[in-house]
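S.K.: My questions will all concern the structure given below.
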Amino acid sequence: MATTYNEIGAVITVSDAQKLNNIPPYGQRTGWRPKTLDDFGDGGAFPEINMKQYPLDMGRTKQGPSNALAIQVDSQGKIKYDAIARQGHAAGRIVHTSFSDLIPLRQRANIGEINLARPSEEEVAETTAKTKAAFEMIVSGKSKAANAKSITNSKAQEATYIRYTPSNMMGERGDGQHRQRIIKMVDLPEDPMEPPKFRHTKVPRGPPSPPAPLLRSPPRKLTAKDAEDFNIPPSVSKWKNPKGYTIALDKRLAADGRGLEEVKINDNFAKLSEALYAADRHAREEVKQRALLQQKIADQEKEAKEEHLRMLARKVREEREVTARNTSRRSASPRPVRSRSVSRGRSRSRSLSYDSRYGSRSPYDRDSYRARSYERRSYRSNSYSRSRSRTPQSRTGRSRTPRSRTPSPSRYDSRSRSRSYSYSRSPSRSISRSPSRTPRSRSRSYSR
Amino acid sequence: MDPVDQVERLSKRSRDLFGKDYGFALDYNEPISQRIKFSSKLRNEYLAARESLPPHIEAKLPPPSRFSRRDDTTRNEINPILNELIPPPPPPGTLADASTSTAVAIRHGHGPASATDGTPQVAPAQMQLTVQQQRSQFGDGSSRALAERRTNVTQVRPEWHAQWKLMRVISGHLGWVRSVCVEPDNQWFATGAGDRTIKIWDLASGTLKLTLTGHIMTVRGLAVSPRHPYLFSCGEDKMVKCWDLEQNKVIRQYHGHLSGVYSLDLHPNLDVLVTAGRDAVARVWDMRTRMAVHVLSGHKATISSVKCQEADPQVVTGSMDTQVRLWDLAAGKTQTVLTHHKKSVRALTMHPTEFTFASGSADNIKQWKFPEGAFMQNFEPAHNAIVNTLSTNSDGVMFSGGDNGSMAFFDWKSGHKFQETEATVVPGSLDAENGIFASTFDHTGLRLITCEADKSIKVWREDPEATPETHPGIEWKPKIGRQRY
């Protein structure tokens, strides 16, 4: 090694490698940078050179295995941007990635002639054969697994023999007879009761194959009206509240569906009620009409009866006058009838009515009865019954006025009669009753 | 709308409807018209293709010539009135502006600025493109649009079909009729209902032949095998049963579903059946050994419909997570996922002769092409109901039955709805009991059998006296303007 001196007189030692690679010696490296691995020679990094140095390529931070796809270019020089969509699929997979896949076939530019014929018989036969063969393999494998007779594989347990010819026997030539060896290979016998030797660890699934590109427009945005139409309020029970939540009333009723359903009532309900109302009105009118009519008839009868009575009274008066004249000529004698009638006072007309009842089998039987009963009623209803009904005493007992109470089951009397009236029958009347045809019976026969 | 715009639209429509039949009256100068014809044809065919060329190749070609002045002056000479009425199509290079229409795609190249002028300016060299159009094009006229559409798309005219009318009502079930299947010889059909029975009816007369009991919950799916004397049924009680039709009893059960099984289909070539239901998986069963060969998982919600076919993809499932999946049966894996629908897909139907299928959901009924599951079209105008069932005819009639009893009939090729009716309930039922759960055409395609919520089965047929003049059906108009998908 030649000794050399630098500018300030220091001795510089130069190694072989330095010399070989023209590495500038220490002190003369100001503008120099090591560019290749050889520039480091057999030494290390140069501390005075201010750059990252990796002598012997040591110390670099390694880039891990990356999943990035390298950019690929197709035969026409265009970059294959759909390599991402085709990643992970087999080569035969068809992935529709371009906009032209969205255009109807007959409107695509570069399509040429469209052939819609079904594939020929040969192609079909070929496909069928290929599929069938694939299926056979799968099915036979599965059926063998399903039908396996024994757990041991008898073929594997038999011995195999191997003829081995060693070469280069470490200097030892050996005799000609022992140049070859026969080796018997036997499977190690497996203990059938031994538990499994290895643990099966579960490996998490790898990423799925990339999803197919969506060749459709994104779903339309919801309008506020649509969202409202499909709004379903949460179901809040009207009956159960197990956790005791306090929920506002409008939320309790929200799922009720009140506002949604239109309650339709059948028309027939209205028709029915109208018909009932009409019938009721009709019936009431009829009843009123009937009552009026009956009242009119009764009035007429009453008039007739009164006339008749007046006539009778006149006749009687005349007779009396005549007899009185006669008796006054002969002598003055009492009149039993009159006295009786006088003593009876209020019931004068009644006594008359009784007499007329018993006396006459007149053609006015019915009418006479009616008149009588009406009279009774009229007396009672017009003057006496009113007064009687108003006074509290009149309502109480039947013992009050046995005479006055005449049970009469006539039609138009039923309303005006109170219950207390129905029971009384004056015993006096029963005496005076004629045996054969009592007015009761008669009235009974009529009133129904 | 501006009267000029209105006239433009009307003229566009008439051009599209009748242009093919009459053409323009170019009977003046034969060579000129021939030249125009050829040049326009070439441009139409190949100028669009030019855009799909890689840019480094396209740079080598000369830039596309717009309409040369020569062409337009001849056009002007020939028929100035016609020229004013029907504007020329734009050069195929100008594309893809939000205001330009593409479905019929015959539109004046000028932007809205020129609409205010009285007469359209035709000279293309002085064509003032709107700022948007300029932005959507490169300097040399090729388009920068992400998806290029054809400019001259002619819409498919719908074929006329006779109107469908009710022919027969069959009552007999005591619960909602949920499933139906016609036997391969077209003699009888079987229906499964909510009264847990399967009833077999004579197709010609509608009389009951047989009742099979065995399920303990609603029978949701039925299939008669064309290759064995078996009837397969599945129900909400997780059972999948195989009935022997010679003995009329259950001979096999397939055990493994974790929840109700809603749909069932048989493979046409293999002895395999596929069932799917509420557990979001489709199970593929080997018929003989009763083993589940594959469990096709991937859906995230109930699978409402499953269909099998003989070519790849052999199984199609539609589910209530709005996805339609096409499966590779040999591997037991999904081949494609179709995510175009917005609502649950409740119905699937395969076309008997074409390699296409349709899926129905409440937002749309969409038509797709096999094997890659390319979207073909929407069936317009939409059937605004929850579509429970779809069936297709070999005549190209597709029926969709709704949950509210509405029925719609579509022409398959064009996607046009030509009839919409509402089923009437059987007397004694409430109006709310109007709904169609299942349907099928018989094997001739002349009769449609629908299974309804008023416990009846209705048989429909085409009106024999209908003609295109007397019963034209719902009117079809070609669409102008860009559509949204």
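S.K.: Could you line up A:S328, B:S456 from fewest to most neighbouring Cβ atoms inside 10 Å?
M.R.: A:S328, B:S456
S.K.: If you don't mind, there's one more thing I want to ask. A:V95 versus B:T207, label points 7 Å from Cα toward the beta carbon: distance in nm?
M.R.: Each label point lies 7 Å from its Cα, and together they span 6.1 nm.
S.K.: Okay, next question. What's the extension gain from B:E469 to B:R35 if we count 0.36 nm per residue and subtract their Cα-Cα distance?
M.R.: Residue separation times 0.36 nm, minus the Cα-Cα distance, leaves 152.1 nm.
S.K.: Using a 10 Å cut-off on Cβ to Cβ distances, tally the other chain neighbours for every residue of B:365-376 and report the average as a whole number.
M.R.: 4
S.K.: Do the alpha carbons of any pairs in A:K221/B:K343; B:K249/B:K307; B:K343/B:K479 sit beyond 18 Å of each other, and which pairs?
M.R.: Beyond 18 Å between Cα atoms: B:K249/B:K307; B:K343/B:K479.
S.K.: As an exercise, use a Förster radius of 51 Å and the Cβ-Cβ distance of A:K243 and A:S150 to find the FRET efficiency, rounded to the nearest 0.05.
M.R.: 0.25
S.K.: In addition: Run down the lysines and flag those whose C-alpha is under 26 Å from the C-alpha of A:K302, throwing out any fewer than 8 positions away in its chain.
M.R.: Once the sequence-local lysines are set aside, what remains near A:K302 is A:K288, A:K315.
S.K.: Give the average, rounded to an integer, of partner chain Cβ atoms located within 10 angstrom of each Cβ in B:153-165. If you can, show how the numbers build up before the last one.
M.R.: Values: counts 5, 1, 2, 1, 0, 0, 0, 0, 0, 0, 0, 0, 0.
Average neighbour count from other chains, rounded to a whole number: 1.
S.K.: From other protein chains only, count the Cβ atoms within 10 Å of every residue's Cβ in B:337-348, then give the mean.
M.R.: 3
S.K.: Let me ask you something else. Could you tell me the distance between the Cα centroids of segment B:441-478 and segment B:309-381, to the nearest Å?
M.R.: Cα centroid to Cα centroid, the span is 24 Å.
S.K.: Given R₀ = 45 Å, what would the calculated FRET efficiency be for A:R220 paired with A:N50, taking r from the Cβ atoms and rounding to 0.05?
M.R.: Working: r = 62 Å, r/R0 = 1.38.
The formula returns an efficiency of 0.15 here.
S.K.: Given segment A:32-91, what count of lysine pairs have C-alpha atoms under 29 Å apart, with each pair 8 or more places apart or on different chains?
M.R.: Within segment A:32-91, the lysine pair count is 4.
S.K.: Moving on. For labels at A:R181 and B:T353 in the simple 7 Å Cα→Cβ model, what's the distance in nm?
M.R.: 7.8
S.K.: Name the trypsin sites (Lys or Arg not before Pro) in segment A:109-155 that are in a loop by DSSP and that have at most 13 other C-beta atoms within 10 Å, would you?
M.R.: Numbers: sites: A:K130, A:K132, A:K142, A:K144, A:K149, A:K155; in loops: A:K149.
Qualifying residues, ordered by number: A:K149.
S.K.: Using R₀ = 41 Å, calculate the FRET efficiency as 1/(1 + (r/R₀)^6) where r is the Cβ-Cβ separation of A:E318 and A:V287; round to 0.05.
M.R.: 0.35
S.K.: While we're here: Can you sort B:F409, A:F46, A:F230 from fewest to most other Cβ atoms within 10 Å of each residue's own Cβ?
M.R.: Least crowded to most crowded, the residues run A:F230, A:F46, B:F409.
S.K.: Right, another one. Kindly put B:E465, B:E51, B:E433 in sequence by how many other C-beta atoms sit within 10 Å of each C-beta, fewest to most.
M.R.: Working: B:E465 9, B:E51 21, B:E433 16.
Ranked by crowding around the Cβ, least crowded first: B:E465, B:E433, B:E51.
No value in this document is a laboratory result; all are computed from the given coordinates. These figures come from a predicted structure and were not determined experimentally. Please note: Cβ atoms are built from the backbone with ideal geometry, for glycine as well, and neighbour counts cover all protein chains shown.
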